[in-house]
Amino acid sequence: MEKQWEMATSLGTFYLLASASGLSAVGFKKFDIEFISSLTSLDAQAVYLNQAVQQISEYLQGVRKEFNLTLDFHGTPFQKKVWQQLAYIPYGETRSYKEIAFKINQPDAVRAVGTANGKNPLCLVIPCHRVISSDGSLGGYSGGLLLKNKLLQIEKSLSEQNLTF
């Protein structure tokens with residue numbers, strides 16, 4: 001049984017969903033699932049949601065660059081292959097849909113990569129915001145292009161600060 005949590009942030013509200021096996025979604029719209037009443041409960045869902053809230057908060061504050069969460073998400077084999085590649089995109093960097101298609105050995109599947117990217121159930125945690133069009137434009141984002149741009153700017157700014165000697 002999944003439960004959700006509403007997380008207010010400086011960038012807007014995120015809705016987190018967890019099962020008894022791990023975090024299953026991070027999105028921008030409410031899920032048609034029961035809200036959990038407290039993150040201090042010992043229920044598995046509360047534990048996973050609490051960890052996600054802490055790590056997403058750290059990420060948005062620029063303290064965390066990688067997530068270390070137990071995940072329980074579902075998709076087609078192709079989607080999972082794309083999402084695995086998204087997880088390899090380093091913090092502060094971007095890749096094109098075309099580059100992802102080549103990485104999964106399906107160079108003609110650029111549009112399918114875009115579709116799979118758009119169906120990523122774990123925004124932020126699996127960094128679909130780091131995927132852009134080959135021409136350098138932002139492409140799309142389920143949270144909107146303004147949010148995608150803000151996330152990329154946060155990462156770029158913090159990456160540049162860390163390179164300063």
What single numbered condition from (1) out of contact with any strand residue (DSSP E or B) (no Cβ under 7 Å at 6 or more places or on another chain); (2) crowded, with 18+ Cβ neighbours inside 10 Å fails to hold for Arg111? (2)
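Conditions tested, residue by residue: (1) surrounded by 15 or more Cβ atoms within 10 Å (Cβ to Cβ); (2) at pLDDT 95 or above; (3) of a type outside the set (Gly, Ala, Ser); (4) farther than 28 Å from Tyr48 by Cβ.
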residue	(1), (2), (3), (4)
Lys80	no, yes, yes, no
Glu99	yes, yes, yes, yes
Ile132	yes, no, yes, yes
Lys156	no, no, yes, yes
From the list Leu23, Leu16, Leu39, which residue is surrounded by 14 or more Cβ atoms within 10 Å (Cβ to Cβ), modelled with pLDDT under 95 and not β-branched (Val, Ile, Thr)? Leu39
Can you find a residue in the stretch 83-99 that is at negative phi, among the basic types (Lys, Arg) and under 13 Å from the mean Cα position of the chain (by Cα)? no
Failed item, numbered, when Asn120 is tested on (1) within 20 Å of Thr13 (Cβ to Cβ); (2) in contact with a strand residue (DSSP E or B) (Cβ under 8 Å, 6 or more places away or on another chain); (3) of a type outside the set (D, E, K, R): (2)
Is there a residue being buried (at least 19 other Cβ atoms within 10 Å of the Cβ) and either without any contact (Cβ under 8 Å) to a residue 24 or more places away in the chain or assigned by TED's automatic domain parsing to the domain that holds Lys29 (or both) anywhere in the stretch 117-125? no
What single numbered condition from (1) among the hydrophobic types (A, V, I, L, M, F, W, C); (2) over 16 Å from His129 (Cα atoms); (3) in contact with a helix residue (DSSP H, G or I) (Cβ under 9 Å, 6 or more places away or on another chain) fails to hold for Leu49? (3)
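Scan the stretch 103-114 and tell me whether some residue there is in a helix (DSSP H, G or I), under 17 Å from Glu66 (Cβ atoms) and not assigned by TED's automatic domain parsing to the domain that holds Gly27.
Going residue by residue through the stretch 103-114, those that are in a helix (DSSP H, G or I) are 103, 110-114.
If we keep only those that are under 17 Å from Glu66 (Cβ atoms) as well, we get none.
No, the stretch 103-114 contains no residue that is in a helix (DSSP H, G or I), under 17 Å from Glu66 (Cβ atoms) and not assigned by TED's automatic domain parsing to the domain that holds Gly27.
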Please state which of the following conditions Ile33 fails to meet, knowing it meets all the rest: (1) more than 13 Å from Leu122 (Cα to Cα); (2) of a type outside the set (Asp, Glu); (3) crowded, with 20+ Cβ neighbours inside 10 Å. (3)
From the list Ser134, Ser142, which one is assigned to a loop (DSSP other than H, G, I, E, B), farther than 20 Å from Ser157 by Cα, touching a Gly at 6+ places or on another chain (Cβ under 9 Å) and not basic (Lys, Arg)? Ser142
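The values are calculated or read from the model by the stated rules, or taken from the named source; none is laboratory data. Values in this document were obtained by computation on a predicted structure and should not be read as measured data. Glycine gets a Cβ as well: all are built from the backbone with ideal geometry, and neighbour counts include every protein chain shown.
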